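The values are calculated or read from the model by the stated rules, or taken from the named source; none is laboratory data. Since we're looking at a predicted model, the values are computed, not measured. Glycine also receives a Cβ, built like all others from the backbone with ideal geometry; neighbour counts cover every protein chain displayed. Note: areas computed on protein heavy atoms with side chains; ligands, DNA, RNA excluded. Shrake-Rupley method; radii C 1.70, N 1.55, O 1.52, S 1.80 Å.
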Amino acid sequence: MTMAGAPTPAEMQATRLARPWQAALLIGLSLTFAGCTGQTLAPMQTPAPASAEPAAMPPAAQREHLRILAAYGGAYEDPRLEAHLARTVDRLIAASEQPNIKYRVTILNSPAVNAFALSSGQLYVTRGLLALANDTSEVASVLAHEIAHVIARHAAFRENQMRQAQIFSRVATDLLGDPQLGALALARSKIALASFSRAQELEADGIGVGIAARAGFDPYGAQRFLTSMGRNAQLRSQAAGIDQRPPDFLSSHPSTPERIKIARANARQYVAPGIGKSDRAEYLALVDGLIYEDDPSEGFIRGRRFVHPKLGFTYTAPEGFALDNTSQAVFGIKAGGAQALRLDVVKASPDVSLADYLNSGWVEGIDRQTVQQLAINGLPAATALARNDTWTFRLYVVRLDGDVFRFIFAAKHDAETADRTFRESMTTFRRLTAAEAGAKPRRLKVVRVAPGQTIESLARRMAVPDRKVELFRVLNGLSPTDTVKPGDRVKLVVE
């Protein structure tokens, strides 16, 4: 989560004219958890550094590139890893059906396991995906798959569909005078169009495995990585205790048993298992020290707790909530989808009281009789209720060191009980201690297995609260029955 600018009078007027701010909140939450890949869904609010903007890109591709950087926490800078990915892409391009297309790969500073491509040849992989992979051939399988989407013009087709959805949204807003209809239509269209069709995915699988094999990589990397992604998604879903989870590569690239079987069959057309090049040792050396999960400079999630060392605060969501940190805000949703929350931060004039800020036009539908000024752990705050036909909203604004933190809690059912829960959760919002503010990110550490060490003994060294053995196995591509032997290189999560 990064700082948003203070709302101008024009922006507040636009909010009033739009009317359905409640729907906008729920659209934002649905986009976060609905399983879309995110290329065009998040508005750009954090400008990317000029150095991150590729040269010689068409203006539309530049805009899309900057939106992606904003949605995924910017670019992750690691010169050695970037050079390795560039060399991998060069090998894949040379072995592809269209070696004349120019590609550029960007590492996104996000713990999500995701990858995608633009028709312009821009390829994106998150550091979360790189942390999950165990050798170059697995990453090559993902990059080859995305290159295949470009070659087969799937990406161009989808971008054209997105533009049509945007045109429909403008028609609904400008001509029909219904911004809510336009916003909902655009959101639904983007959710539906964000994923490739099953036929397109299988076509890209086949093309990608062929590219990887001809480039000299182990074509079974696709099968291994699809398996790891499926087990990783299952572990995260179990850890959260709910079905909703932030969008990842599996949202548009489902790791079904059928697809894994097809990936294995595709690979068998080229070589037998164990012959292709995987570059495991070199790859693990490159990801040694890679940031794991959230980057503290953007805030990080520990279960239901969100900590932001740079902004100096912490907050714990109610029981049953799963949190997702984006560059625009922190979103949370409870199992079943009947409760949700959003947290962001803005600059606001110190001359404006928080009660006045609530009534300034930031949102509509506030019951002015419920506006109340209070203190939360010694910090000035204000709260109010807002309602529509379906949802009840509890709003909070809290001032800390000149910043205003804004909470929107939404409940669809049993609003009175939910409101008590939301109020109780706000007592967890506080200033960080000096020790907490100095928190370091968790990173990957690659170690050699020593004689006598087991998966269980190695997993105990993992700096995670629970499910250490399960995460160790998933992170290292080990099945429930695999073992380790002396000399093996394995990844740990350490502080």
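When both segment 461-495 and segment 53-112 are represented by their alpha-carbon centers, they are found 30 Å apart.
This model, with +1 at the C-beta of Lys and Arg and -1 at the C-beta of Asp and Glu, gives segment 271-408 a dipole about its Cα centre of some 340 debye. Net charge of the neighbourhood of residue 441, taken over other residues with C-beta under 9 Å away and scored Lys/Arg +1, Asp/Glu -1, is -1. Placing R0 at 56 angstrom, the Cβ-Cβ distance between residue 268 and residue 346 gives a FRET efficiency of 0.50 after rounding to 0.05. For segment 266-272, putting each phi into the Karplus relation 6.51 cos²θ - 1.76 cosθ + 1.60 with θ = phi - 60° gives couplings of 4, 5, 5, 5, 10, 8, 7 Hz, in residue order, rounded to whole numbers and with x for Gly and Pro. Based on C-alpha pairs under 8 angstrom that are at least 6 apart in sequence, segment 335-485 has a relative contact order of 19 percent. Across segment 133-145, rounded Karplus estimates of 3J(HN,Hα) from the backbone phi angles (6.51 cos²θ - 1.76 cosθ + 1.60, θ = phi - 60°) give 5, 10, 6, 5, 5, 5, 5, 4, 5, 5, 4, 5, 4 Hz, Gly and Pro being marked x. Counting only heavy atoms of the protein chains and using a 1.4 Å probe, residue 277 has close to 100 Å² of accessible surface.
From most to least packed by mean Cβ count within 10 Å, the peptides 132-142, 434-444 give 132-142, 434-444. Taking amide hydrogens as placed 1.01 Å from N in the peptide plane, the amide H of residue 345 sits under 5 Å from those of 4, 406, each at least 5 positions away in sequence or on another chain. Expressed as a fraction of 2.2 N^0.38 Å, the C-alpha radius of gyration for segment 376-495 is 1.67. Working note: Karplus 6.51/-1.76/1.60 with θ = phi - 60° gives segment 220-235 the couplings 7, x, 5, 4, 5, 6, 4, 5, 4, 5, x, 5, 5, 4, 5, 5 Hz, where Gly and Pro are set to x. Over segment 263-375, accessible surface divided per residue gives 42 Å², non-protein components excluded, 1.4 Å probe. Using the average count of surrounding beta-carbon atoms within 10 Å as a protection proxy, the listed peptides 265-271, 91-97 rank, highest first, as 91-97, 265-271. Residues of segment 64-99 with an amide N closer than 19 Å to a point placed 7 Å from the Cα of residue 288 along the Cα-to-Cβ direction: 78-85.
Eigen-decomposition of the gyration tensor built on the alpha-carbon atoms of segment 279-321 gives equivalent ellipsoid semi-axes of 30, 14, 4 angstrom, largest listed first. Simple spin-label estimate for residue 460 and residue 440 gives 2.2 nm between the two label positions (7 Å along the Cα-to-Cβ direction from each Cα). For segment 266-306, which whole percent of the accessible surface, found with a 1.4 angstrom probe, sits on carbon and sulfur atoms? Answer for segment 266-306: carbon and sulfur cover 48 percent of the accessible area.
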